[in-house]
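The structure under discussion appears below in the form of structure tokens.
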Amino acid sequence: MRLRRVLAVVFVVVLVGSGIAVATLAWVTGRALPQTSGTLTVPGLDRPVTVVRDGAGIAHIRAETVHDLFMAQGFVHAQERMWQMEVWRHISAGRLSEMFGESQLDADRLIRTLGWRQSADRDLEALGPDARAVLDAYVDGVNAWLDQERGSLGLAFMVTGTTPEPWTALDSVAWQKVQAWNLGSNMDEELFRYLADARLGDPARTDELFPPYPEDAPVIVPSDSDTATRPAPERDTATAQIDEDAATAWRAVAAAAALPGRLAGFDGGGSRLGGHGLGSNNWVVAPGLTTTGGAMLANDPHLGIGMPSLWFLNGLHCAPVSDACPYDVVGVSFPGTPVIPIGHNARIAWGATNGNPDVQDLFIEQLDPDDPGRYMLDGVSTPFEERVEEIRTSGGPTYYQTVRTTAHGPILNDVDGRLADAPLMSLRATATAEVDRTFEAILGVNTATDFDEFRESLSLYGAPSQNFVYADVDGHIGYQFPGFIPIRDGDDGRGNRPRAGDDGSHEWTGRVPFEELPWQLDPPGGSIVTANNAVVDAAYPYFISDRWDPGYRAERVTDELLARGEDGLSFEDMTELQLDTALGRARDATMWLMSAQPTTDDGRVVLDRILEWDGRCVIDSLGCAAWSMFEYKLQRALFDDDLGPLARDYVGTSVSWQVVADLFDEPESAWWDDVSTPEREGSVDIVVRALDEAGADLGALYGAPSGWTWGRLHTATFKEATLGSSGIGPLAWYFNDGPHAVGGAAGAVDAISYRFERAYPDPVDPDYVPVGPEGVFDVTNLPSLRFAIDMSDLDGARAIITTGQSGNPFDRHYNDMVGPWLDGETVPLPFSAAAIDAAAAQTLVLQP
């Protein structure tokens, strides 16, 4: 890869000789470390600002004015995370090739085509004056730091030759597009169905791979009506013919679509069509169920593994709090943007998980046969809107990307030249379809004092739609699902396949009114649980999604809250539950496997360990290792033969778990048959094969069965997404941390996930070398934050992020949370002035 070669040469040139290397490394590293105590002059401040850091590096900012508060937040973010911020703004702008060369060209082409920057500019222009003032103050803070430190930036800037431009408000607002893309995307599933229809020859067979949500699985906001399965959508039974080059090109587009999330830290895997199998949890419990008499909230959003964390633990405190300066809030922030997306103030707390809405649709457009510069829209010839994007590359040529846009959205074919003659496909997405005021929504939540103000703020929210839970000091608990949810014509209001764009019969006709989006306040049961499971049941009048998590985690949390709550739920119960490793989908394995008779000794060991297993995936578990390797082998045996190259995108996804469970009730289903053999296999044949193969692999890897533990299979390495992932040994040593044995598993409450796709060849990258069984379970996604609070004790809140507060290698807060995170520990999150002062380890005064 060109990036790897260039970085290797630069690194060697910069660090010639071992003695010079050590001295240079120490000098470059040391000069980049932030000043965190004493006094600094920061031009542009109105009055002095105090930044108190505790022993974990959590930064609490105290200021007398809103301007100074957010200017200081921008300054502190830049101190700790400027390289991360620089990469993120290049992602949002489609300018990765400027930093890393032509290897990022496909991602830049897609991002430019999607028009994130253009839609973010529209959002920026629509901001109210107060929100714009906050944003401008934040930008001033980042630039104040850059003005002071531009000559002493860290190794990442030095190696890549990157000189940061002044930060802009657009850089901050565009980050919302990256979030929305990665937390509200189902374009990948539509492409998967499109390609699977062609391969399998029957859309009905493709639909078998996406079963409906289980009728007995938890629903966040159930109705009082019957929850019968929503009718299947009408569909055109004709199957598109897609040649191999076009199929590979569409998968390349999907791979490019996944890259921003991986680099940004939202998703640690690669391209993934048909469901990610990730997991986030939050829940709130009313005072009547707790030992303290206070409402309690817990939240652990699960995102990609990386270095540093996406999050920065941060307090924003007006001193004093007043109408003119109303902020008194603590939680996590995204470096590069102001405000606190998850956290609490003096009155309320809130958390979020992904709501998995269907907010993207692909449209198959028809060219005007008489004019290739026009397309057909509801029978009318309509001109494309066109613009030309200039994409510069580091050390390479400049490329020009023509972007054609329809009434539905941009044409994706232009991202890959192999799609020039394929049917034109455009993308409509809520994140770019109209003005998005999500920044203002979260800004309002930061100062909300009750549930009405909380909901009023979220009424501005656009994308990505999240499950927001709420608790307050008066004992109320609540829930709100906000955002732009489209209402569609045709196909039962769904959007799970590319649809015709020329006849006007599949248009978005509006959005679900905020007043009719799901919400709850003080439900009779005394708790609200969300875990990416179904938000509503079939009685809800609008279509939100049909691709929820199967509900294992939500069921487990609900059951545990009931069981632990018999004598009252303690705060320790809340934090312990975040670490629960029970694997719900494996609980019926005994019934499935009782009659299996493996043909090898190692296969029999795997079977015996599954049958004896307690269902938990702790590090030393023998049963979890046996089950997980068996499940991997079973899914490959079920789907590889039928799906061919598409199996890479399906095996191991959350929908595949549900299909496998259903197939055990259909032992003669065609999915059990291996079409590559002349025999007709049934479930017993495939299960025995999977048990034997699992035993063979575990034996080859670890020898005697006593060494077949989950922690040996399941390891986590915290990698910096750019230089740390370049494959260059010295850079990996400098930036990365790991590997570490880790518990949890995909589908557990403690969803520490992995991707089976890495064991397959990559049709998009012929140089990719598939991992063997030893790498299949390396962690790609995990709880990026664990946060819990008892509203009767605001200073007792606890939190932890995955790595540390700093993005500067060899800063003591670069990786100091890795160990506690691995051990399931959290750190205090002080809130009151007295608690912050008591925890202070370093104090920095920023002077005007």
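The values are calculated or read from the model by the stated rules, or taken from the named source; none is laboratory data. No experiment lies behind these values; they were computed from the predicted model shown. All Cβ positions, even for glycine, are placed from backbone atoms using ideal geometry, and neighbour counts span all protein chains on display. Each accessible area value is taken on the protein alone, full model and side chains, heavy atoms only, with ligands, DNA and RNA left out. Shrake-Rupley method; radii C 1.70, N 1.55, O 1.52, S 1.80 Å.
Worth pointing out:
- Distance (nanometres) between label positions extended 7 Å along Cα→Cβ at residue 39 and residue 669: 7.2 nm
- Percent accessible area from carbon and sulfur atoms, the stretch 722-848, protein chains only, probe 1.4 Å: 54 percent
- Dividing the summed -39500 (n - 2.57) terms of all DSSP H runs of n ≥ 4 by the residue count of the chain sets its mean residue ellipticity at 222 nm at -11000 deg cm²/dmol.
- Computed over the chain, the range of Cα coordinates on each principal axis works out to 79, 73, 67 Å, biggest value leading.
- Percent RCO, i.e. relative contact order, over the stretch 700-804, from Cα pairs under 8 Å lying at least 6 residues apart: 22 percent
- The stretch 130-196: equivalent-ellipsoid semi-axes (sqrt of 5 x gyration tensor eigenvalues, Cα, Å): 34, 20, 7
- Under the membrane-span-like helix rule (DSSP H runs whose alpha carbons stretch at least 27 Å along the helix axis, mean Kyte-Doolittle hydropathy 0.0 or higher), the chain yields 244-264, 622-643, 683-702.
- Distance from the Cα centroid of the stretch 347-364 to that of the stretch 118-151 is 25 Å (rounded to whole angstrom).
- Based on every Cα atom in the stretch 464-569, Rg and the maximum pairwise Cα distance Dmax equal 17.3, 61 Å.
- Using a probe of 1.4 angstrom and keeping all protein chains present, the accessible surface of the stretch 685-820 works out to 30 square angstrom per residue.
- Relative contact order %, the chain, counting alpha carbon pairs below 8 Å whose residues are six or more apart: 19 percent
- Shown for the stretch 391-512: the carbon plus sulfur share of the solvent-accessible area, taken with all protein chains present and a 1.4 angstrom probe, equals 43%.
- Based on Cα atoms of the stretch 278-351, Rg over Rh with Rh as the Kirkwood radius reads 1.04.
- Ordered by solvent-accessible area of protein heavy atoms (1.4 Å probe), largest first, the residues 177, 633, 719 come out as 719, 633, 177.
- Scattering profile of the stretch 587-630 at q = 0.26, 0.28 Å⁻¹ [log10 I(q)/I(0), Debye over alpha-carbon scatterers]: -0.91, -1.03
- Accessible area of residue 679 in the full protein assembly, 1.4 Å probe (Å², nearest 10): 110 Å²
- The residue 840 and residue 450 beta-carbon pair, evaluated with R₀ = 30 Å, returns a calculated FRET efficiency of approximately 0.45.
- Whole-number accessible area per residue in Å² for the stretch 354-479, which is evaluated in the context of all protein chains at 1.4 Å: 38 Å²
- Accessible area (Å², per residue) of the stretch 58-111, counting only protein heavy atoms and a probe of 1.4 Å: 15 Å²
- Where 476, 408 fall by accessible area, highest first, once all protein chains stay in place (1.4 Å): 476, 408
- Centroid-to-centroid separation of the stretch 655-721 and the stretch 532-567 [C-alpha atoms, Å]: 28 Å
- Sorting 49, 473 on solvent-accessible area from highest to lowest, probe radius 1.4 Å, gives 473, 49.
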